[in-house]
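Inspection log for the structure reproduced underneath, given as structure tokens.
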Amino acid sequence: TAISTLEMLAAATPFVLPRLPQLIPLFDNSKLAAPALKAATAIVEQIAPQGHSVADRVMPPLLAGIEDKKWKVKAGCIQVLLPALKQMEGTTTLQLANCLPTIVSKLAEAALEVRAEIRTATGAVLKEIGAFVGSPEIKALSPDLVQALAEPTNQKHTQAVLAKMGNATFKSMIDEASLALLLPIVMRGLKDREAMSKKWSAQIFGSAALLVRDVDFLKPYLKTALPLLQAALNDSVPEVRREAAKAYGILEQVMPEYSRTHCQPFLFGKLRAGDASEQIGAALGLAEVFVRMDKAKLSQFIPEVQKGSVEENLTV
């Protein structure tokens, strides 16, 4: 059959890789599902050069397939993620870093599915991502992180692993796989009602940003993380506000341009026009930003801050 021919020619990447999107709908076919999944897996496993075109030719149809309403298509696409991730590991590091946030997000959603086949496939991929982790501190925690991601409805897992990370000391550089496991749990913790979870999450985010091997690995997470840090800065618990403020300072240190275009406008805006609680949070955030800011740049802000400090209008 055509499917078996594709499997036999799996090593001929330029010819067979474009056929991958056509195989995916067949994962739900009663007669062709098994050979279609086998052929798709073989094609991805034998991509040459290793890692080439995985991010732009393999990931989009697989991630789209995970959204499919047919559970067999969803489960099959998750299974094919395994060889796709192995292809990218160590060869296309930055592309892998850009893909992992979306992949882990999709897997977290898939972990909520009723079908055991989908949950089993999801757990296998998360474990594989855990195996990629290079940071010794994160690697020691990867089984707990994977469990928390694979069982998102069990809040005890999330709180337990946040507690372990909150009490750990991170010394090693953090790679893209570590971030992929770490930051979804951090985001979840920042949304938690428990003050301790929010405090630990803000603290861990700061540590991860400071130790990340390449700041570009952090960028895909910032759109989600920044609003949560903004909310934490206005939290009623001082310890949560303090750790959120420190995270703002670390972003200024490691990503000064991002801080100046995204963080500082928010902080100055709240300092000038926020309510009393928002002004306190913004002042804490700016204090941390100023401590870590380039001294030449800081000198431009000092006159404005001094002027505002003696302004008769208390809102200034």
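The values are calculated or read from the model by the stated rules, or taken from the named source; none is laboratory data. What you are looking at is a predicted structure, and each value in this text was computed from that prediction instead of being measured. When we count neighbours, we look across all protein chains shown, and the Cβ atoms used for this are built from the backbone with ideal geometry, even at glycine. All accessible areas refer to the heavy atoms of the entire protein, side chains included, with ligands and DNA or RNA removed. Shrake-Rupley method; radii C 1.70, N 1.55, O 1.52, S 1.80 Å.
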Yes/no for LEU81 being farther than 22 Å from VAL186 by Cα, in contact with an Asp or Glu (Cβ under 9 Å, 6 or more places away or on another chain) and free of Cβ contacts under 8 Å to residues at least 60 places away in the same chain: yes
Residue count for the range 8-27, restricted to those that are open to solvent by less than 60 Å² (accessible area, probe 1.4 Å) and not aliphatic (A, V, I, L, M): 3
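In the range 172-201, which residues are more than 23 Å from ILE103 (Cα to Cα) and either of a type outside the set (Lys, Arg) or in contact with a Leu (Cβ under 8 Å, 6 or more places away or on another chain) (or both)? Steps first, answer last, please.
Going through the range 172-201, the residues more than 23 Å from ILE103 (Cα to Cα) turn out to be 172, 193-200.
Answer for the range 172-201, where residues must be more than 23 Å from ILE103 (Cα to Cα) and either of a type outside the set (Lys, Arg) or in contact with a Leu (Cβ under 8 Å, 6 or more places away or on another chain) (or both): SER172, GLU194, ALA195, MET196, SER197, LYS198, TRP200.
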Filter pass, VAL215 being surrounded by fewer than 24 Cβ atoms within 10 Å (Cβ to Cβ) and in contact with a Lys or Arg (Cβ under 8 Å, 6 or more places away or on another chain): no
Filter result for GLU113 (touching a Phe, Trp or Tyr at 6+ places or on another chain (Cβ under 6 Å) and at pLDDT below 95): no
Residue ranges of helices (runs of 4 or more DSSP H) in the range 263-316 with at least 1 members modelled with pLDDT under 90 and over 14 Å from GLU252 (Cα atoms): 264-273, 295-309
From ILE103, ILE138, ILE78, residue being more than 18 Å from PRO220 (Cβ to Cβ) and open to solvent by less than 40 Å² (accessible area, probe 1.4 Å): ILE78
Some residue of the range 246-257 being out of contact with any strand residue (DSSP E or B) (no Cβ under 8 Å at 6 or more places or on another chain), buried (at least 20 other Cβ atoms within 10 Å of the Cβ) and closer than 18 Å to LEU162 by Cβ: yes
Residues being in a helix (DSSP H, G or I) and surrounded by fewer than 23 Cβ atoms within 10 Å (Cβ to Cβ) - total across the range 86-100: 5
Odd one out for SER4 among (1) assigned to a helix (DSSP H, G or I); (2) touching a residue at least 12 places away in the same chain (Cβ under 8 Å); (3) under 25 Å from THR92 (Cα atoms): (3)
Tally of residues being assigned to a helix (DSSP H, G or I), closer than 14 Å to ALA282 by Cα and either in contact with a Gly (Cβ under 6 Å, 6 or more places away or on another chain) or open to solvent by less than 20 Å² (accessible area, probe 1.4 Å) (or both) across the range 223-245: 9
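Which residue, of LYS106, LYS139, is free of Cβ contacts under 8 Å to residues at least 60 places away in the same chain, among the basic types (Lys, Arg) and closer than 23 Å to LEU210 by Cα?
The match here is LYS139.
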